[in-house]
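A.B. asks: First the structure, then my questions, so here it is.
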Amino acid sequence: MIVHRSALVCQSAPRLFDLIEAAEDYPHFIPWCAGATIVHRDDDLVSADIQVRWHGMNFDFRTRNPTCRPEHMAIHLERGPFRRFEGEWRLKALSEHDCKVEFTLDYEF
């Protein structure tokens with residue numbers, strides 16, 4: 001399944017990128033995310049373990065995500081129940097306080 005979304009957001013690209021990159025905070029605002037732990041983080045990469053608990057489904061997966069702050073983050077499955085799980089976030093600054101964000105995810109269980 002391929003998911004593609006885009007939106008104009010009243011946030012700076014760096015601030016929105018920080019929100020996207022902070023997987024440890026996902027359980028606070030993503031309903032299906034029961035937990036998230038950062039495995040590795042540096043200037044070029046973030047890797048996280050994500051716990052999913054949603055409508056009787058319970059599973060964990062790990063992603064390894066190369067970053068180019070604040071414009072791009074790729075999403076690659078490192079381990080988990082997916083046959084395919086690849087995606088990306090793209091952010092384009094429109095002004096000091098606004099940006100366009102695009103998200104694409106291609107996954108298959």
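A.B. asks: Quick one: Cα convex hull volume of the chain, Å³ per residue?
C.D. replies: 95
A.B. asks: Working with all protein chains in place, sort M1, M57, M73 by solvent-accessible area computed with a 1.4 Å probe, largest first.
C.D. replies: M1, M57, M73
A.B. asks: Sum -39500 (n - 2.57) across every DSSP H segment of at least 4 residues in the chain, then divide by the residue count to get the 222 nm mean residue ellipticity, nearest 500. Can you show the working numbers first?
C.D. replies: Values: 1 runs with 9 residues, N = 109.
For the chain, the value works out to -2500 deg cm²/dmol.
A.B. asks: Could you sort T104, T63 by accessible area so the largest value comes first, with the probe set to 1.4 Å?
C.D. replies: Working: T104 40, T63 10 Å².
Correct descending sequence by accessible area is T104, T63.
A.B. asks: Apply the Karplus curve 6.51 cos²θ - 1.76 cosθ + 1.60, θ = phi - 60°, to the phi angles in segment 94-109 and return the couplings in whole Hz, x for Gly and Pro.
C.D. replies: 9, 7, 5, 10, 9, 8, 9, 10, 10, 10, 10, 9, 10, 9, 8, 6
A.B. asks: Using modelled amide H (1.01 Å from N, peptide plane; none on Pro or chain starts), what sits under 5 Å from the amide H of H72, excluding residues fewer than 5 places away?
C.D. replies: Correct list: L91.
A.B. asks: Report the label-to-label distance for R15 and F29 in nanometres (one decimal), using points 7 Å from each Cα along the Cα→Cβ vector.
C.D. replies: Those two pseudo-labels are separated by 1.1 nm.
A.B. asks: Taking H as built 1.01 Å from N, whose amide H comes closer than 5 Å to the amide H of A36, not counting residues under 5 places away?
C.D. replies: Amide H neighbours of A36: Q51.
A.B. asks: State the Cα centre-to-centre distance between segment 91-109 and segment 20-69 in whole Å.
C.D. replies: 17
A.B. asks: Only Cα pairs under 8 Å and at least 6 apart count here; give the relative contact order of segment 43-85 as a rounded whole percent.
C.D. replies: 33
A.B. asks: Find the accessible area per residue for the chain; the probe is 1.4 Å, ligands and nucleic acids are left out, and the unit is Å².
C.D. replies: Accessible area per residue: 62 Å².
A.B. asks: Also, quick follow-up: What do you get for chymotrypsin sites (Phe, Trp or Tyr not before Pro) in segment 43-102 restricted to DSSP loop and a cutoff of at most 15 other Cβ within 10 Å of the site's Cβ? If you can, show how the numbers build up before the last one.
C.D. replies: On the way: sites: W54, F59, F61, F82, F85, W89; in loops: F82.
Taking segment 43-102 and a limit of 15 other Cβ atoms within 10 Å, the loop chymotrypsin sites (Phe, Trp or Tyr not before Pro) found are F82.
A.B. asks: Something else: Under 15 Å from a label point 7 Å along Cα→Cβ of E78: give me every residue in segment 9-29 with its amide N that close.
C.D. replies: Residues passing the 15 Å test: 22-24.
A.B. asks: For L45, L19, what's the largest-to-smallest order of accessible area, 1.4 Å probe?
C.D. replies: Largest accessible area first, the list is L19, L45.
A.B. asks: Follow-up question, since we're still on this one. Relative contact order, percent, of segment 9-94 when contacts are C-alpha pairs under 8 Å separated by at least 6 residues?
C.D. replies: In percent, rounded to a whole number, it is 21.
A.B. asks: Next up: If you take the Cα Rg of segment 22-61 and divide it by 2.2 N^0.38 Å, with N the number of residues, what do you get?
C.D. replies: Numbers: Rg = 10.8 Å, N = 40, 2.2 N^0.38 = 8.9 Å.
Here the answer is 1.21, to two decimals.
A.B. asks: Only loop residues by DSSP count here, and only those with at most 15 other Cβ atoms within 10 Å; note down the GluC sites (Glu not before Pro) in segment 18-109 that meet that.
C.D. replies: E71, E96
A.B. asks: Another question, if that's okay. What is segment 42-95 by shape, rounded, prolate or oblate, if you read a ≥ b ≥ c off the alpha carbon gyration tensor as root eigenvalues and call it rounded for a/c under 1.5, prolate for a/b larger than b/c, and oblate otherwise?
C.D. replies: Verdict is prolate for segment 42-95.
The values are calculated or read from the model by the stated rules, or taken from the named source; none is laboratory data. Keep in mind that what you see is a predicted model, and the values were worked out from it rather than measured. Methodologically, a virtual Cβ is constructed for each residue, glycine included, from the backbone with ideal geometry; neighbour enumeration extends over all protein chains shown. Keep in mind that these areas ignore ligands, DNA and RNA; they rest on the heavy atoms of the full protein, side chains included. Shrake-Rupley method; radii C 1.70, N 1.55, O 1.52, S 1.80 Å.
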